[in-house]
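Data block below; observations after.
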Protein chains: 2
Amino acid sequence: MNRPRLPDSTFWVEPEAVGPRHIRLGEEESHHLIRVHRAITGTPFQATDGRGGFFECVLESIEPRGAVGRIVERREGWGELSRAIELLVGRPDWAAAEKVVEHGVPLGAGAFDFVVCERRGREGPGAARLARLDRVARAGLKQSRRSRLPRILSSPSIQEAVRAHGPGQRFMADPDGSPFASSLAESPQLPVQLAIGPPGDFTAEEREFLRGEDFAPISLGPSRLTTETAAIALLSLIRNSLLRSKL
Amino acid sequence: MNRPRLPDSTFWVEPEAVGPRHIRLGEEESHHLIRVHRAITGTPFQATDGRGGFFECVLESIEPRGAVGRIVERREGWGELSRAIELLVGRPDWAAAEKVVEHGVPLGAGAFDFVVCERRGREGPGAARLARLDRVARAGLKQSRRSRLPRILSSPSIQEAVRAHGPGQRFMADPDGSPFASSLAESPQLPVQLAIGPPGDFTAEEREFLRGEDFAPISLGPSRLTTETAAIALLSLIRNSLLRSKL
């Protein structure tokens, strides 16, 4: 006899479907819980609303409008880092942008801005592209058991991007910089902002602008990295540094 | 009139085609240089033999057996880190293994061992798989301007893998560990070895074995990472640490 498999991934619940004691999954997630995982009344599962809410639940009832879970425990900010990390990534092609989101969400990124830069200048994403990147982000959030869905946007220039994100502790990938060695304990109230050039890298003017805006140049080493590999590598360093500063 | 574009990527040259003053590209690379980049006599280009040789060349002649470049400068170990990094990665599916190679080569990995582990036990790769991973590695080497082609292998167990690789300074991805904070200046003569569990992670026995073999447990943070994201994140930390220890 096959026993129901405990779902290994977190379920998505819309914030307005979270009550004080119960949550109600939407159609697709209900289907996944009940048909794919064959959950029955009493099966435990986990859900997140993408706004920091993370819920340990047991399946209480299966209603036509969706599966209802009783909240056993709330874990606010589950799987999240102590500070937000905002990525300003010079827009690569969309396959590369998806890789940045795919690896960047589990590594704790709080926002992805795919910035239209001078080199390899391309248009920003249309609604369909943004929707697809958002789906990749949701899948990554559920798989990695985080609880805050990152924002995904596309600024029309690096100047606009820096303005839009506001103050932060700032770093940029730059071959002329030094290896990462900073302490992140200094400004705990600010988000960390990372700038990574597009394929072909930032122009001299863009780099000049970023240095003037206090983006500290970080060298990622002697070989040449693609935009997506550089973004993941720099994010990994910041993540580890945040983990250390909490100790 | 279109002028020949300076090739942006390094060309591959077989080690036996490297002479004291000249190199001879193979058929495919010659085609790429002459047809795709429309190089003419006197066009500068770069080539690597994948064994640490990196050559600044100018195209001297186009012969039926291949393009011949005159070596202007040799840069031994170009794009390489100060120490070898060996990745022991619990074998994920092949799409994930390709991602590990795709991002891991530019980040400086010197060997990839896709280890058959207890969980998600699968067969090792056949010859066709290894050939495909090797192609991904070569493309990454050329794109990132490194000069040593990483080895790609698949050990039948984690015990075999550790035995095969010999001594090293050892770290493993482990949720029960601490953030990475080691100095890598201690044992400069040894390679750095990184163990990352397969999907579903190492079993308690495998972890026990690795700890007994002095793999220091490193926590990569509060969210759950896939095998490929964990491998890239841990490699990024080690890379940065090697860059710092050289200062």
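No lab work stands behind these numbers, since they all come straight from the coordinates. Fair warning: this is a prediction, and the values are worked out from it, not measured in the lab. Ideal geometry is used to build each Cβ from the backbone, glycine not excepted, and the neighbour counts take in all protein chains shown.
Some notes on this structure:
- Counting only other chain Cβ atoms within 10 Å of each residue's Cβ, the peptide B:73-83 averages 1.
- The range A:224-247 and the range A:87-106 have Cα centres separated by 14 Å.
- A:Val36-A:Ser82 FRET efficiency (beta carbon distance; Förster radius 22 Å; 0.05 resolution): 0.05
- For B:232-245, mean number of other protein chain Cβ atoms within 10 Å: 6
- Of B:Val101, B:Val36, B:Val18, the one that fluctuates the most in a GNM where chain B has Cα springs shorter than 10 Å: B:Val36
- Distance between the 7 Å Cα→Cβ label points at A:Ser182 and B:Ala204: 4.3 nm.
- Close amide H pairs (under 5 Å, H built 1.01 Å from N) link A:Leu220 with A:Asp174, residues at least 5 positions away or on another chain.
- The slack between A:Val58 and A:Arg138, meaning 0.36 nm per residue of separation minus the straight C-alpha distance, is 26.6 nm.
- Projecting the Cα atoms of B:Phe11, B:Phe55, B:Gly42 onto the dipole axis of the range B:11-74, where Lys and Arg carry +1 and Asp and Glu carry -1 at the beta carbon, places B:Gly42 farthest toward the positive end.
- Chain B shape via C-alpha gyration tensor axes, a/c threshold 1.5: prolate
- For chain B, built as a Gaussian network whose Cα springs stay under 10 Å, the top-fluctuating residue of B:Glu16, B:Glu160, B:Glu98: B:Glu16
- Cα-centred dipole magnitude for chain A, charges only on beta-carbon of K, R (+1) and D, E (-1), debye, nearest 20: 880
- With contacts taken as Cα pairs under 8 Å and at least 6 residues apart, chain B reaches a relative contact order of 20 percent.
- The distance linking the range B:156-192 with the range A:1-71 is 40 Å (Cα centroid to Cα centroid, whole angstrom).
- Amide H contacts under 5 Å for A:Phe11, placed H, 5+ residues apart: A:Gln46, A:Ala47, A:Thr48
- Taking the label point 7 Å along Cα→Cβ, B:Pro199 and its counterparts in the other copies are spaced 2.8 nm apart, in ascending order.
- C-alpha long axis of helix B:227-245 to longest principal axis of chain B, angle in °: 70
- Helical runs assigned H by DSSP (4 residues or longer) give chain B a calculated mean residue ellipticity at 222 nm of -8500 deg cm²/dmol, each run adding -39500 (n - 2.57) before division by the residue total.
- Rounded tilt (10° steps) of B:94-104 against the dominant C-alpha axis of chain B: 70
- Chain A residue nearest by beta-carbon to the axis mapping A to B, with distance in Å: A:Ser236, 2.
- Pairwise FRET efficiency - A:Ser219 versus A:Ala95, Cβ, R0 = 30 Å, nearest 0.05: 0.70
- Among A:Glu27, A:Glu56, A:Glu14, residue whose mean-square fluctuation peaks in a GNM of chain A (springs only between Cα atoms under 10 Å): A:Glu27
- Gyration tensor (alpha-carbon) shape descriptor, the range A:160-247, a/c threshold 1.5: oblate
- For the set B:Lys142/B:Lys246; B:Lys99/B:Lys246; B:Lys99/B:Lys142, the pairs lying more than 20 angstrom apart at their alpha carbons are B:Lys142/B:Lys246; B:Lys99/B:Lys246.
- Distances between placed amide hydrogens fall under 5 Å for B:Ala67 paired with B:Leu25, B:Ser30, all partners being 5 or more residues away or on another chain.
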